[in-house]
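The next block holds one structure in the form of structure tokens; read it before the comments.
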Amino acid sequence: MKDRYDERRIGDRELAPESLMMSYGYRPSLSEGALKCPIFQTSTFVFNSAEEGKAFFEVAYGLREQEAGESLGLIYSRLNNPDLEILEDRLTLWDRAEAAAVFESGMAAIATTAFTFLRPGDVLLFSEPIYGGTQYLFREILPQFGIRTHAYRAGDGTAGMLQGVEEAKALGHLRMIHLETPANPTNHLVDIEAAVRLAREASTPERKVLVAVDNTFMGPLFQQPIALGADLVLYSLTKYVGGHSDVIAGACLGSAERIQAVKGSRTFFGSMAGPWTGWLLMRSLETLKLRMNAQAENAGILADWLLEHPHVERVYFPGHLREGDPDYDIFQRQCSSAGAMVSFDVRGGEEEAFQVLNALRLIKLAVSLGGTESLAQHPGTMTHSDIPPEDQRKMGITASMIRLSVGVENPDDLKADLNQALSVL
């Protein structure tokens, strides 16, 4: 059998991820010559023999070591499915990860990963602010299982992270550092390499401290945490990878050994994605680079324009960082683009922010992000509403903040919409 990694090269040239997204991991000859991978809408798969079925289950359930060149055979779609397997192969390309596991939602990916590696008595340190659902899982759910959690503010930089590590170690066995960078919704950057160094210093030969990074905001195109030393990368694939606001999914990427453990949990939690989800995401991956580059370009135009608007008090956008800013060096080392998320404070408070949101026409008032359409929402009362207002302020989430996910529309049209909405103030 031809090694699938041969697909990555033509002669001495290593093909770029955007080229490999069209066909990597899929053989038309195995599907009646179909150019695109079919949707394998089946719950179970037929074995060629009882001996083959036995061998497949031995590998799937870890009853014996997988032999060289042996792949996990198709058994049941809760364990594996061609659409899922091909999608996972393709997801590894941008992040240069050894393996990937896809889930039915981003929260399923985060929760399954947490329960795979954390045990009662362990401590999870995480940066704030983060996505509200993740915040609730860490603050309210994990402690019910004896897993202690501790947070530090992303805006406090590496010094704050160091202090957070020391405080977490005082609570018990530090097992994982979870970062979301850029922070949601303030766009503060978290130094991944600094987290890796602190994790190594806190590790012992028996107990490694893992670094997990939620890379949803930058997507696999503009930031590669594994290259910076992270152990695990998490995504809401609903966002930029899906990119069309029509599918819910998540992923965890990392070493083959760690992802094997994650997939083991996924099998018994039942949190894997289905074939339709896998097929939709494969379709979306083909245009990921085109979409994200267009969205980032539009975001830069809008962020610059908002910076000069008389009704805007402050703009939160990595592309505005300059030498001397606390996050500037991190941005230069860690990101290849400023991304397509822009937050800004209107002059006033919640009432004024609501007036602007209610006046938008082209930009839709909705949560989520990363789709082809532009979306706007109010973090303080929507995605981060479960965080007490006093804590929101400490994290940098203001009552007047609007979070904007920039799409692929004409940037002049987006400016016109924002301008007419801001003019109500």
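A few notes on this one:
Yes/no matrix, rows are residues, columns are (1) touching a helix residue (DSSP H, G or I) at 6+ places or on another chain (Cβ under 8 Å); (2) more than 25 Å from R291 (Cβ to Cβ); (3) hydroxyl-bearing (S, T, Y):
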| residue | (1), (2), (3) |
| --- | --- |
| V342 | yes, no, no |
| E350 | yes, yes, no |
| V367 | no, no, no |
| T372 | yes, no, yes |
| G380 | yes, yes, no |
| T398 | yes, yes, yes |
| R403 | yes, no, no |
| D412 | no, no, no |
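- The combined condition, being of a type in the set (D, E, K, R), crowded, with 19+ Cβ neighbours inside 10 Å and farther than 15 Å from I330 by Cβ, is not fulfilled by R207.
- Residue within the range 386-406 that is at positive phi, part of a loop (DSSP other than H, G, I, E, B), crowded, with 16+ Cβ neighbours inside 10 Å and not assigned by TED's automatic domain parsing to the domain that holds L237 present: yes
- Per the conditions (1) under 24 Å from E180 (Cβ atoms); (2) touching a Pro at 6+ places or on another chain (Cβ under 6 Å), the sole criterion not satisfied by I301 is (1).
- In the set A68, A60, A55, only one residue is at pLDDT below 95, surrounded by fewer than 15 Cβ atoms within 10 Å (Cβ to Cβ) and over 19 Å from W276 (Cα atoms); that residue is A68.
- Taking every residue in the range 290-301 that is under 13 Å from N410 (Cα atoms) and touching a residue at least 40 places away in the same chain (Cβ under 8 Å) and pairing it with any residue that is among the acidic types (D, E) and in a helix (DSSP H, G or I), at least 6 positions away or on another chain, the pairs with Cβ-Cβ distances below 9 Å are I301/D412.
- With respect to (1) assigned to a helix (DSSP H, G or I); (2) modelled with pLDDT of 90 or more; (3) surrounded by fewer than 19 Cβ atoms within 10 Å (Cβ to Cβ), the lone exception for R119 is condition (1).
- Condition check for V356: surrounded by 22 or more Cβ atoms within 10 Å (Cβ to Cβ), hydrophobic (A, V, I, L, M, F, W, C) and part of a helix (DSSP H, G or I): yes
- None of A101, A97, A108 is assigned to a strand (DSSP E or B) and assigned by TED's automatic domain parsing to the domain that holds V262 except A101.
- Candidate set from the range 304-350 (those that are part of a helix (DSSP H, G or I) and in contact (Cβ under 8 Å) with a residue 40 or more places away in the chain); member that is surrounded by the fewest Cβ atoms within 10 Å (Cβ to Cβ): R333
- Candidates are the residues of the range 6-29 that are within 20 Å of E286 (Cβ to Cβ), without any contact (Cβ under 8 Å) to a residue 40 or more places away in the chain and not charged (D, E, K, R); the one that is surrounded by the fewest Cβ atoms within 10 Å (Cβ to Cβ) is I10.
- Given (1) closer than 24 Å to Q392 by Cα; (2) surrounded by 24 or more Cβ atoms within 10 Å (Cβ to Cβ); (3) without any contact (Cβ under 8 Å) to a residue 60 or more places away in the chain; (4) of a type in the set (V, I, T), index of the condition T158 fails: (2)
- Selected residue (only one of R200, R258 is surrounded by fewer than 19 Cβ atoms within 10 Å (Cβ to Cβ) and either charged (D, E, K, R) or in the same structural domain as G274 (by TED's automatic domain parsing) (or both)): R200
- When I147 is tested against the conditions (1) over 30 Å from A338 (Cβ atoms); (2) surrounded by fewer than 16 Cβ atoms within 10 Å (Cβ to Cβ); (3) hydrophobic (A, V, I, L, M, F, W, C), the lone failure is (2).
- Test set (1) at pLDDT 95 or above; (2) surrounded by fewer than 18 Cβ atoms within 10 Å (Cβ to Cβ) - P38 fails condition number: (1)
The values are calculated or read from the model by the stated rules, or taken from the named source; none is laboratory data. Values in this document were obtained by computation on a predicted structure and should not be read as measured data. Methodologically, a virtual Cβ is constructed for each residue, glycine included, from the backbone with ideal geometry; neighbour enumeration extends over all protein chains shown.
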